[in-house]
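First comes the structure, then the notes that go with it.
The values are calculated or read from the model by the stated rules, or taken from the named source; none is laboratory data. Keep in mind that what you see is a predicted model, and the values were worked out from it rather than measured. Cβ coordinates were reconstructed from backbone atoms using ideal geometry, including for glycine residues, and neighbour counts include every protein chain displayed. Side chains are part of the model used for accessible areas, which takes the heavy atoms of the whole protein and leaves out ligands, DNA and RNA. Shrake-Rupley method; radii C 1.70, N 1.55, O 1.52, S 1.80 Å.
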Amino acid sequence: MPPSLLASALDGIGDGVADRIVVGFNWTAVQCGAAIGLAWSPRGMAGAHTTAETGRYAGRPLAALARLCLTDNPYERSIGLAAANAFWNRPSERLGEGDGLTPWADNPVGRREELARTVIVGRFPGLDVKFPGATVVELDPREGEVAYADAGPVLVAAVSVIVTGSTLVNGTAETIVGGVAGETRITLVGPSVPLCPGLIAGPVRRLAGFVVTEPDAAFSAVMEGAGAKTLKRFGRAVTLTDPQA
């Protein structure tokens with residue numbers, strides 16, 4: 001993935017060392033003190049593989065570890081993104097509460113026209129209820145969904161695009177952001193999303209991420225293969241929004 005989308009998140013990382021790392025069945029976690037950063041684990045994804053450094057990533061500065069986001073190996077990208085999130089995804093007064101999807105979920109009827117021009121990139125639980133009528137784009141599409149390879153026209157025509165943070169790991173996020181029209185509003189959503197102000201640029205108007213509030217419980221859950229539903233018990237969904245959005 002070209003570096004421009006995550007460059008600001010990487011360049012702004014300050015001091016801190018990765019105390020411990022786990023690449024779990026569903027999620028990857030990097031702990032730095034009381035902070036934990038999460039990223040989607042690319043289980044079974046083509047090109048994802050351990051390296052000669054596996055077992056020696058912990059102990060490195062977060063800033064150096066986060067640069068693994070820019071490698072071609074999704075396994076290392078997941079570790080790098082979790083390291084970046086261990087720095088950025090911490091409690092802060094600049095963050096709002098919620099998952100960033102409330103405007104659509106609370107009023108699907110009133111937003112019927114907008115929903116018809118809303119594109120969801122990456123399937124997630126509750127999609128049909130929260131976004132009835134929206135177009136879903138997937139690498140492995142189900143019936144009624146659009147294949148990622150064929151998504152160009154629907155992205156160009158979209159008013160709103162909701163992009164799951166897994167695209168930052170699988171390498172498709174840069175292409176998606178670069179493939180929308182000038183007035184399209186993009187929300188990056190999920191625990192993998194760095195809550196970095198510098199990511200809010202161009203069409204990216206909102207970051208909807210996750211802050212872990214119970215680090216030991218969250219780390220143990222990741223080790224045991226927990227999914228997103230379980231991890232919600234150990235943190236809170238938060239947003240960082242462009243004031244002009």
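Structure values in brief
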read-out	value
Distance from region 143-168 to region 39-74 (C-alpha centre basis), Å	26
20 °C / 1.002 mPa s Stokes-Einstein diffusion coefficient of region 107-202, Kirkwood radius on C-alpha pairs, µm²/s	158
GNM flexibility winner over the chain from Val154, Val136, Val121 (Cα, springs under 10 Å)	Val154
Within the accessible area of the chain (1.4 Å probe), percent carbon and sulfur	53
Cβ-based charge dipole, region 1-91, positive-most Cα from Ser8, Val22, Trp88	Val22
Kirkwood Rh (inverse of mean 1/r, distinct Cα pairs), region 1-154, angstrom	17.6
Phi-based couplings in Hz for region 119-127 (Karplus 6.51, -1.76, 1.60; Gly and Pro marked x)	10, 9, 9, x, 5, 8, x, x, 4
Cβ-placed point charges (K, R +1; D, E -1), dipole of region 114-228 about Cα centre in debye, nearest 20	400
Among Ser220, Ser78, Ser160, residue whose mean-square fluctuation peaks in a GNM of the chain (springs only between Cα atoms under 10 Å)	Ser220
Over the chain, relative contact order from alpha-carbon pairs under 8 Å, at least 6 apart, %	23
Length-normalised contact order for region 56-193 - Cα pairs under 8 Å, 6+ apart - percent	20
Tilt relative to the chain, helix 74-88 - C-alpha long axis, 0 to 90 degrees, to 10	90
About the Cα centre, charge dipole magnitude for the chain (Lys/Arg +1, Asp/Glu -1 at Cβ), debye	260
Residues of the chain: accessible area per residue with a 1.4 Å probe, Å²	45
